[in-house]
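S.K.: A single structure is presented below for examination.
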Amino acid sequence: MDANIPDAYFQLISHTSELVWEHKTIGNISGSIGSSYITQGNVYRGLDYRALIPNYRNYGGGAFILENGTKKLTIEAGARYDYKWMRTYTLDFTTLIARSSDYNWQNYSGTLGGIYRINQHLSVNASFGIDGVRLTR
């Protein structure tokens, strides 16, 4: 065995971007809308053929909107949707058959909350959230 070759070698490459636009205040309402994107790839090489993390490609993105109004009563509402696709690559070293599997995730979430300021030292808060995930193969 060559002492200069690692038993396990990972190369994870990631690229991310995010775009957020904050609109001007309209009356007492302010907020933002945006999106994000990520792509990743993992390459495994080494002397040990048992890959700890399989080779894969991953793409994901999301979009959100967040608005809030302020006065004595502050109300904030938001919604977000995310999607992720992943393909894994594995090699059966007994049969030398390459295999790949695809995965898709979808997630949505929403929030609604409020703060009522009774005075400078006392306020009442309430919030409600919903979240859902769907995985398909």
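S.K.: Determine which lysines satisfy two conditions relative to LYS24: a Cα distance under 18 Å, and not lying fewer than 8 residues away in the same chain.
M.R.: LYS71
S.K.: What number does the chain give for Rg over Rh if you use C-alpha atoms and the Kirkwood radius?
M.R.: Reported Rg/Rh, Kirkwood definition of Rh: 1.22.
S.K.: In the full protein assembly as shown, how much of LEU122 is accessible to a 1.4 Å probe, in Å² to the nearest 10?
M.R.: 90
S.K.: With an 8 Å cut-off on Cα pairs and a minimum separation of 6 or more residues, tell me the relative contact order of the chain in percent.
M.R.: 17
The values are calculated or read from the model by the stated rules, or taken from the named source; none is laboratory data. Computed from a predicted model, the values in this text were never measured in an experiment. Surface accessibility is based on the protein's heavy atoms, side chains included, excluding ligands, DNA and RNA. Shrake-Rupley method; radii C 1.70, N 1.55, O 1.52, S 1.80 Å.
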